[in-house]
Amino acid sequence: AFRGPPAISFDNPRANEVSGIHLAFIPEMDIREGENVSFLLPGFRPSYFAKQSLPNVSPCPSGSFQKASWEAPVGNASESMLILHAVCNVSQDTVINVLVPSSLGIKLPNVGVRANDTAIKIASDTVGGKVLPTNVTMTQPIGSFTNSTRLTFPGTPRAGQVSMLRLEFTPEMPLVPGDNVTLFLTGYVAEAVMRFAPILHAPHFLGVFS
């Protein structure tokens, strides 16, 4: 088993962009040199790479996973798996921190990542004890609107004239009271800070133009 709890975070937390990945875990069994720890990362997409060297964030044994490879069925990103290869023996209860650099070209999922996402899992098959896929219990959340966003101007819009805006989007993550959705409108102007509620066709939102 793993404790700690297992965690994953990102250098560039933006959906559908390349990011470095930080992994942390504590094995409750011994891991021998050459054995593997795997992370199931559905929706993550890398550039092709064979076994790659990783940055040496600390010496052995805590920095024992300095090689990684990637496995995924062709055309099936839902079963993407990052495999860490131990380069030295690791005793149980050793704190492990691994940095998978952005130079390996791993893209985050188009739909983002949910907080403590149960689809992301850790597993191992070691002499010290086999661990079936188990949830990574601390996952940095990343929101996404995928390709659902659409901005239109109802009526007969004219440059330099007051116009109505219609913004459409479908969030891939839950929105709760107090969350903000910001639309950046470079070059648009308003005479003053404007607050308006309810927004037409979106009664649960309060709008602010500033």
Response to the item:
Note on the range 103-146: residues hydroxyl-bearing (Ser, Thr, Tyr) and part of a strand (DSSP E or B) are Ser124, Thr126, Thr134, Thr139
Worksheet item: Could you count how many residues in the range 137-183 are among the hydrophobic types (A, V, I, L, M, F, W, C) and under 30 Å from Leu41 (Cβ atoms)?
Response: 8
Practice prompt. Identify the residue in the range 194-207 that is open to solvent by less than 100 Å² (accessible area, probe 1.4 Å), in a loop (DSSP other than H, G, I, E, B) and hydrophobic (A, V, I, L, M, F, W, C) and, among all such residues, is modelled with the highest pLDDT.
Written response: Phe205
Discussion item. Looking at the range 157-182 only, could you name the residues that are of a type outside the set (Phe, Trp, Tyr) and under 22 Å from the mean Cα position of the chain (by Cα)?
Written reply: Thr170, Pro171, Glu172, Met173, Pro174, Leu175, Val176, Asp179, Asn180, Val181, Thr182
Response to the item:
Checking Val74, Val127 in turn, the sole residue that is more than 15 Å from Gly43 (Cα to Cα), of a type in the set (A, V, I, L, M), surrounded by fewer than 12 Cβ atoms within 10 Å (Cβ to Cβ) and modelled with pLDDT under 90 turns out to be Val127
Practice prompt. Go through the residues of the range 91-113 one by one and say whether even a single one is open to solvent by 60 Å² or more (accessible area, probe 1.4 Å), free of Cβ contacts under 8 Å to residues at least 40 places away in the same chain and in contact with a Pro (Cβ under 8 Å, 6 or more places away or on another chain).
Written response: no
Fill in: Subset of the range 130-156 [open to solvent by less than 80 Å² (accessible area, probe 1.4 Å), among the aliphatic types (A, V, I, L, M), within 19 Å of the chain's Cα centre (by Cα) and closer than 19 Å to Pro5 by Cα]
Val136
Discussion item. Name the single residue that is farthest from Ser144 (Cα to Cα) among those in the range 10-36 being open to solvent by less than 40 Å² (accessible area, probe 1.4 Å) and in a strand (DSSP E or B).
Written reply: Ile31
Worksheet item: Do you know which residues across the range 37-54 are more than 18 Å from Cys88 (Cβ to Cβ) and outside any strand (DSSP E or B)?
Response: Leu41, Pro42, Gly43, Phe44, Pro46, Ser47, Tyr48, Phe49, Ala50
Fill in: Check on Val181, open to solvent by 80 Å² or more (accessible area, probe 1.4 Å) and outside any strand (DSSP E or B)
no
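The values are calculated or read from the model by the stated rules, or taken from the named source; none is laboratory data. Please read these numbers as outputs of a predicted model, since none were measured by experiment. For neighbour counting, all protein chains shown are included, and Cβ atoms are generated from backbone atoms with ideal geometry for every residue, glycine included. Side chains included, ligands, DNA and RNA excluded: accessible areas come from the protein's heavy atoms. Shrake-Rupley method; radii C 1.70, N 1.55, O 1.52, S 1.80 Å.
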